[in-house]
Amino acid sequence: MDINSTNLQALYRAFNTAFQSGFSGVPAFWPKIATLVPSSAAQEDYGWLGDVPAMREWIGDRVINSIKQHGYAIKNKSFELTQGVDRDKIETNQVGIYNPLFQLMGDSAAKHPDELIFSLLALGFATNCYDGQYFFDTDHPVLVDGESTSVSNFQDGSGNPWYLLDTSRPLRPLIFQQRKKPKFVAMDAEKDQNVFMRKEYLYGIDCSDNAGFGFWQMAFGSKSELDAANFEAAYDGMMALKKDNGQPLGIKPTLLVVGATNASAGRKIVEAQLINGGDSNTNFKRVELLECPYLP
């Protein structure tokens, strides 16, 4: 193949088509548990987290809710993946060997949000959220009758974790903040240093985004055995949560998230109609089950 602008443009289009093919064929798990928040800055502030709005009877003047400044922010990070193509491969018409590689680049870019979101979920036992406590913790501060008390969304244990989430609200338990979508670009001009010095054409993708925590009240993390008793304790505990003023939050779990080690137990709890040799399973279809390949 002759090296000229026309052929290089055709090559870019072919590689980009392979990238898009790999990108579009990947199922996404993260929208189940995270809300997409567009970003236009280096970071976005979420000082309003912790104030779950609720209607009240209008008696007298309006009650103006002031945003609590929790100082929680999500800073965008830059990510990239770059592949070099030797000029000799182009000149000898061997570029077809790169198509699967660019498809894999698309696959990697599509899976990037899942990797961010579920990595953060797994780190929730040791990573702070907006109130300064770990996302999954035993002592989230909540006001009850004007006094601060500790509320838990965590079961201790030594096993691989499982998670119970309420994903019915406009803001899900986690946030995927996106400033720049993955974009396929090239450095393939003859005057580019990589071409001039190493006879190597570069093709890559980059994006800018990050993951963060939303409301801890909408998530429960457990390292205890995933059995009916622990599942029901987590479910009931979430439903009992209240706002600072004592008003029920109206939390109702909708999703049980498990990795490979808890998948079978999760199926028995919420997808088996009969248990114990023929008894009706009261937890059947109580929540949806999400078996996530990014969790242990």
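The values are calculated or read from the model by the stated rules, or taken from the named source; none is laboratory data. Every value quoted in this text rests on a predicted model; they were computed, and no experiment measured them. No Cβ is skipped: glycine too gets one built from the backbone with ideal geometry, and neighbour counts run over all protein chains shown. We work out accessible area using only protein heavy atoms, side chains counted, and drop any ligands, DNA or RNA first. Shrake-Rupley method; radii C 1.70, N 1.55, O 1.52, S 1.80 Å.
Taking each of 32/180; 252/285; 75/111 in turn, the alpha-carbon distance never tops 25 angstrom. Explain nothing, just the number: relative contact order of the chain, from Cα pairs under 8 Å at least 6 residues apart, as a whole percent. RCO, the chain: 21 percent. Take the alpha carbon gyration tensor of region 75-115, find the square roots of its eigenvalues, order them as a ≥ b ≥ c, and report rounded if a/c is under 1.5; if not, report prolate when a/b exceeds b/c, else oblate. Oblate shape, in that a/c is at least 1.5 and b/c is the bigger or equal ratio. Here are a few candidate values for semi-axes √(5λ) of the Cα gyration tensor in Å: (i) 27, 21, 19; (ii) 46, 25, 15; (iii) 59, 21, 14. Which one was actually calculated from the structure I just gave you? Read-out taken from this structure: (ii). A Cβ-based charge dipole, computed about the Cα centre of the chain with Lys and Arg at +1 and Asp and Glu at -1, lands at about 580 debye. The solvent-accessible area of residue 29, taken with every protein chain present and a 1.4 Å probe, is close to 50 Å². Taking the centroid of alpha carbons for each part, region 106-184 and region 226-256 are 16 Å apart.
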